[in-house]
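The structure appears right after this line, and notes come after that.
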Amino acid sequence: MPPSPDTTPAGAAPKPRRVVVDPVTRIEGHLRIEAETDADNVITRASSSGTMVRGIEIIMKGRDPRDAWAFTQRFCGVCTVSNSVAAVRAVEYALGYPIPPNAEIIRNLMMATQFVHDHVVHFYHLHALDWVDILSALQADPAKTAKLQQSISPWPNNSTEYFAGVLAKLKGFAAGGQLGIFANGYWGHPEYKLPPEANLLAVSHYLEALAWQREIIKVHTIFGGKNPHPSFVVGGVPCTFTEAGGATGVSAQNLRLVADLIAQMQKFVNEVYVPDTLAIASFYKDWGTRGEGVGNFISYGEFPLGPDWNDPQQRLFPAGVILNRDLSKILPLDPEDPRQIQESVAHSWYDYSKGRQTPLHPYDGETVLRYTGPQPPYEFLDVDKSYSWIKSPRWRGQPMEAGPLARVLIAYAAGDKTVRGLVDHALQQLGLPVSALFSTLGRVAARTLETKLIADAMTGMYGALMGNIQQGQLETFNDILFDPKTWPKKARGVGLMEAPRGALAHWITIEDGKIANYQAVIPTTWNAGPRDANGREGPYEAALRGHKLHNPEQPLEILRTIHSFDPCLACAVHIIDPHGTELVQVKVQ
Ligand code: NI
Ligand code: MG
């Protein structure tokens with residue numbers, strides 16, 4: 001619908017218009033963005049709303065802590081490994097429960113696979129279509145596309161015939177009016193900048209990545225029995241090593257398959273994902289100054305590398321906080337300190353027993369639902385009051401961005417040589433300054449670069465596991481504390497981890513062998529949360545403010561920046577309106 005005419009009486013300040021995107025698609029879960037714009041279509045205030053609630057924290061109470069991973073894994077069908085690892089770590093931390101080195105390494109391999117899988121799928125299947133115009137690809141010359149591919153990497157699918165085949169397939173979709181997964185894009189929008197050949201290249205890799213991801217995720221099946229939702233266990237991992245395999249056994253043949261899958265991950269990342277990101281980014285350098293969030297970053301650190309598995313220094317990514325873009329200092333982080341991490345519900349649909357204006361540390365966290373929003377169908381949320389099912393986590397009162405950019409910046413600030421090398425090389429290739437990292441483009445590039453770092457590190461993880469096995473160290477599970485009768489009457493702990501989307505933690509309180517309280521703060525809680533009691537925006541809201549929309553009817557710019565965070569709104573079956581009303585809508589009023 002066209003923007004409504006300005007009916008403001010003469011003399012009054014013009015009323016901001018609102019662009020509503022609900023639901024934001026190509027994400028996990030249900031997100032609504034309401035963006036207020038001025039007469040030049042510049043966003044003056046954005047409000048981020050999680051429109052669905054699950055309440056899994058509520059149903060955790062009274063359960064066996066050893067089952068926590070299986071419930072929290074169901075937050076979502078994407079971040080399954082992440083929430084499971086956070087849950088088993090929380091219980092192990094609370095009980096002081098040691099696990100064998102092989103279990104640490106196998107969890108690392110499963111988490112690393114999750115990162116590589118998740119980031120590649122996000123880039124090609126969730127985010128690329130914000131930058132790649134499918135219909136423009138129809139104009140491409142396959143011979144020129146082949147030349148382009150040969151110029152950026154040694155990836156073998158690089159012939160004119162190969163790209164002519166992809167083009168024929170795409171033309172078939174288009175001629176039949178069956179764009180299918182490519183339907184409903186803002187094709188032809190003038191903000192799309194890639195030449196047709198680069199668009200065809202990206203479409204080819206979109207299709208190749210679909211087949212590739214199905215293969216490499218087998219690592220989860222080998223160690224965890226299945227995917228999605230592989231199995232975990234408090235005290236280790238639920239697999240053993242045997243010559244023949246068997247019900248829980250990982251055979252020598254499957255261990256060789258893991259090596260092969262790691263090689264497949266590395267090849268695709270090095271020869272497709274990294275060069276594609278840099279090639280596409282070179283057409284969108286203006287996005288290196290747009291879409292900065294709050295300028296504060298948090299990471300719990302990840303991939304313990306041993307030999308001291310609990311030493312925070314011995315990790316692939318360091319932990320810490322960066323405030324106000326200041327890369328000269330990494331501030332220490334203690335998630336058990338009640339003054340550090342707190343969740344506000346001042347603008348969320350929850351009640352707190354001490355009042356909604358008083359934020360709570362997750363050990364004392366409460367999940368009491370209190371919906372005060374409008375009844376559907378509604379036009380707008382009341383964004384001056386409560387407008388989201390997401391809480392607003394803060395570190396020492398400050399909003400924080402979590403995710404690949406946070407991890408890469410903290411590693412960069414810590415002087416990590418590999419990260420510095422990767423980041424500086426990419427910036428040099430694009431001709432961009434370090435400040436370009438604080439942007440939508442920086443977020444996309446950081447995700448790609450950390451994927452390379454993690455995929456490369458998997459060689460060392462795998463080598464360490466094989467070394468242990470060859471020395472006869474086969475232990476994968478430790479049963480010394482498995483019986484709740486051996487536990488203290490009261491215990492509490494936090495399970496920290498870095499998920500692909502960022503800092504993830506579960507806080508558990510155990511009493512008499514049962515869960516007394518359970519609170520999870522997931523990466524998207526940090527990034528997508530609403531304003532807090534002091535009116536401070538969350539990262540999505542801060543990142544959108546200032547965007548100029550070329551065409552409010554097709555708010556491509558909003559999608560670019562929101563997708564750069566890789567939202568996961570934790571995470572339910574899709575809701576179907578029983579009346580068949582259109583669910584994807586962009587409303588301009
Ligand atoms: Ni998720
Ligand atoms: Mg929570």
Go over the candidates PRO539, PRO530 one by one and state the one that is open to solvent by less than 10 Å² (accessible area, probe 1.4 Å), at negative phi and within 16 Å of ligand 2 (Cβ to nearest atom). PRO530
Among the residues of segment 216-275, the number that are open to solvent by 10 Å² or more (accessible area, probe 1.4 Å), at pLDDT below 95 and of a type in the set (A, V, I, L, M, F, W, C) is 4
Taking the residues in segment 311-354 that are over 27 Å from GLY365 (Cα atoms) and not in a loop (DSSP other than H, G, I, E, B) as candidates, determine which candidate is farthest from ligand 2 (Cβ to nearest atom). LEU316
Near pairs, Cβ below 6 angstrom, 6+ apart or cross-chain, from segment 363-384 (within 22 Å of TRP507 (Cβ to Cβ)) to any residue that is more than 16 Å from ligand 1 (Cβ to nearest atom) and assigned to a loop (DSSP other than H, G, I, E, B): GLU366/TYR352; ARG370/TRP349
Determine which single condition ILE56 fails, assuming it passes every other condition in (1) touching a Ser or Thr at 6+ places or on another chain (Cβ under 9 Å); (2) of a type outside the set (S, T, N, Q); (3) open to solvent by 10 Å² or more (accessible area, probe 1.4 Å); (4) away from ligand 2 (no atom under 16 Å from the Cβ). (4)
Residue that is surrounded by the fewest Cβ atoms within 10 Å (Cβ to Cβ), among those in segment 184-202 that are modelled with pLDDT of 95 or more and among the hydrophobic types (A, V, I, L, M, F, W, C): LEU194
Which residues, counting only those in segment 306-341, are hydrophobic (A, V, I, L, M, F, W, C) and modelled with pLDDT under 95? TRP309
Enumeration of residues in segment 449-471 that are under 13 Å from LEU261 (Cα atoms) and of a type in the set (Asp, Glu): ASP456
Residue hits (segment 48-64; outside any strand (DSSP E or B) and either at pLDDT 95 or above or not charged (D, E, K, R) (or both)) are THR51, MET52, VAL53, GLY55, ILE56, ILE58, ILE59, MET60, LYS61, GLY62, ARG63, ASP64
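To keep it simple, each residue is scored yes or no on (1) away from ligand 2 (no atom under 16 Å from the Cβ); (2) part of a loop (DSSP other than H, G, I, E, B); (3) at positive phi; (4) out of contact with any Gly (no Cβ under 7 Å at 6 or more places or on another chain).
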{"site": "GLU34", "(1), (2), (3), (4)": "yes, no, no, yes"}
{"site": "ALA46", "(1), (2), (3), (4)": "yes, no, no, yes"}
{"site": "ARG66", "(1), (2), (3), (4)": "yes, no, no, yes"}
{"site": "ALA87", "(1), (2), (3), (4)": "no, no, no, no"}
{"site": "ALA94", "(1), (2), (3), (4)": "yes, no, no, no"}
{"site": "TYR97", "(1), (2), (3), (4)": "yes, yes, no, no"}
{"site": "ALA103", "(1), (2), (3), (4)": "yes, no, no, no"}
If you check ARG420 against the conditions, is it open to solvent by 60 Å² or more (accessible area, probe 1.4 Å) and within 27 Å of HIS122 (Cα to Cα)? yes
Contact list, first residue from segment 204-231 and within 30 Å of LYS144 (Cα to Cα) and outside any helix (DSSP H, G or I), second anywhere and open to solvent by less than 10 Å² (accessible area, probe 1.4 Å) and not basic (Lys, Arg), beta-carbon distance below 9 Å, six or more apart or interchain, is none
Would you say ASN41 is away from ligand 2 (no atom under 16 Å from the Cβ) and open to solvent by 10 Å² or more (accessible area, probe 1.4 Å)? yes
Identify the residue in segment 358-379 that is assigned to a loop (DSSP other than H, G, I, E, B) and open to solvent by less than 50 Å² (accessible area, probe 1.4 Å) and, among all such residues, is farthest from ILE56 (Cα to Cα). PRO374
Only one of ASN83, ASN41 is away from ligand 1 (no atom under 16 Å from the Cβ) and among the polar types (S, T, N, Q), namely ASN41
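Results for (1) crowded, with 23+ Cβ neighbours inside 10 Å; (2) under 16 Å from the mean Cα position of the chain (by Cα), shown as yes or no for each residue.
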residue: CYS79; (1), (2): yes, yes
residue: ALA90; (1), (2): yes, no
residue: PRO100; (1), (2): no, no
residue: ALA103; (1), (2): yes, no
residue: ILE106; (1), (2): yes, no
residue: ALA112; (1), (2): yes, yes
residue: ASP118; (1), (2): yes, yes
residue: LEU148; (1), (2): no, no
residue: PHE182; (1), (2): no, no
Mind listing whichever residues of segment 413-454 are in contact with a Pro (Cβ under 7 Å, 6 or more places away or on another chain) and not in a helix (DSSP H, G or I)? ALA414
Residue match in segment 484-501 (condition: β-branched (Val, Ile, Thr), assigned to a loop (DSSP other than H, G, I, E, B), more than 16 Å from ligand 1 (Cβ to nearest atom) and open to solvent by less than 20 Å² (accessible area, probe 1.4 Å)): no
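A quick yes/no check of all residues on (1) touching a Pro at 6+ places or on another chain (Cβ under 6 Å); (2) within 30 Å of TYR93 (Cβ to Cβ); (3) not charged (D, E, K, R):
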| site | (1), (2), (3) |
| --- | --- |
| GLN139 | yes, no, yes |
| GLN150 | no, no, yes |
| TRP155 | no, no, yes |
| VAL166 | no, no, yes |
| HIS189 | no, no, yes |
| TYR192 | no, no, yes |
| TYR206 | no, no, yes |
| GLU215 | no, no, no |
With respect to PRO484, determine if the residue is more than 13 Å from ligand 2 (Cβ to nearest atom), in contact with a His (Cβ under 8 Å, 6 or more places away or on another chain) and closer than 26 Å to SER82 by Cβ. no
Please indicate, with yes or no, whether at least one residue in segment 559-572 is among the small types (Gly, Ala, Ser), open to solvent by less than 10 Å² (accessible area, probe 1.4 Å) and at pLDDT 95 or above. yes
Single residue of segment 502-512 satisfying the filter (open to solvent by 10 Å² or more (accessible area, probe 1.4 Å) and more than 20 Å from ASP334 (Cβ to Cβ)) that is farthest from ligand 2 (Cβ to nearest atom): ASP512
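The values are calculated or read from the model by the stated rules, or taken from the named source; none is laboratory data. Just so you know, these numbers come straight off a predicted model, no measurement behind them. Because the Cβ atoms are built from the backbone with ideal geometry, glycine has one as well, and the counts that use them run over all protein chains shown. Protein only, heavy atoms only, side chains kept; ligands, DNA and RNA dropped before computing areas. Shrake-Rupley method; radii C 1.70, N 1.55, O 1.52, S 1.80 Å.
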